[in-house]
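A short reminder: the numbers here are calculations on the coordinates, not readings from a lab. All figures in this text were calculated on a predicted structure; none of them were measured in a lab. Note that each Cβ is placed from the backbone with ideal geometry, even for glycine, and that neighbours are counted across all protein chains shown.
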Amino acid sequence: MKPLHQMNNLERAYLLARLFPDELKALTEFFKKEAELFISNIEQVFNEWTEQHISADQWFNFIDNFQRRYSRNGTRLYRNKRTFRDQLFDGYDALFTIHSVIHYTYQEQCSQELKHAIYMLFGSQKLINIKLEQTR
């Protein structure tokens, strides 16, 4: 195995999937809910956007790409570790899923072991710091 600092996002995601295969369904479903949350708060996101390196339009393109991949792949995203890796952590679109996986660590259902693994692999700082309100 490569040292952590030499691993790319695909390798890190695959390692996470291999270490926590039973968590992939919960993670994938959380990514879906996170995408829906951003879309339902689109106006707030555009008004409060402060990120310098990407625009809100790019961010929503990443979310759209995630939703297409989620629709196209369905349960394969969490049943197949390589599909999880290849569809969710490749290229710039991975920015949304990395943000979401880090945000997952804030949730009650995230175990301490998974939280520490995510922090080790992807860091602990969310990419977008906008407090979105859950809609019911």
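Structural remarks
- Whole-number percent relative contact order across the chain, with pairs defined as alpha carbons under 8 Å at least 6 apart: 35
- Charge-dipole axis of the chain as Lys and Arg at +1 and Asp and Glu at -1 on Cβ define it, positive-most pick from MET1, GLN52, PHE84: MET1
- D by Stokes-Einstein for the range 6-122, Kirkwood Rh over Cα pairs, 10 °C, 1.306 mPa s: 110 µm²/s.
- For the chain, a Gaussian network of Cα nodes joined below 10 Å ranks HIS103, HIS53, HIS116 by mean-square fluctuation, and the top entry is HIS53.
- With 0.36 nm allotted per residue and the present C-alpha distance subtracted, the GLN67-TRP49 stretch has 4.4 nm of extension available.
- Scattering profile of the range 55-97 at q = 0.14, 0.17, 0.26, 0.32 Å⁻¹ [log10 I(q)/I(0), Debye over alpha-carbon scatterers]: -0.29, -0.42, -0.85, -1.12
- The longest part of the chain holding none of the exposed loop GluC sites (Glu not before Pro), meaning those outside H, G, I, E and B in DSSP with at most 12 other Cβ atoms within 10 Å, is 1-107.
- For the range 55-96, chymotrypsin sites (Phe, Trp or Tyr not before Pro) are listed when DSSP marks them as loop and at most 16 other Cβ atoms sit within 10 Å of their Cβ; the list is TYR92.
- Rg ratio for the range 1-49: its Cα radius of gyration over 2.2 N^0.38 Å, N being its residue count, equals 1.60.
- Over 13 Å [Cα-Cα, the range 66-136], rounded percent: 71
- A helix-only calculation puts the chain at -19500 deg cm²/dmol for mean residue ellipticity at 222 nm, using -39500 (n - 2.57) for each DSSP H run of at least four residues, averaged over all residues.
- Inter-site label distance for MET1 and GLU108 at 7 Å from Cα along Cβ, in nm: 3.2
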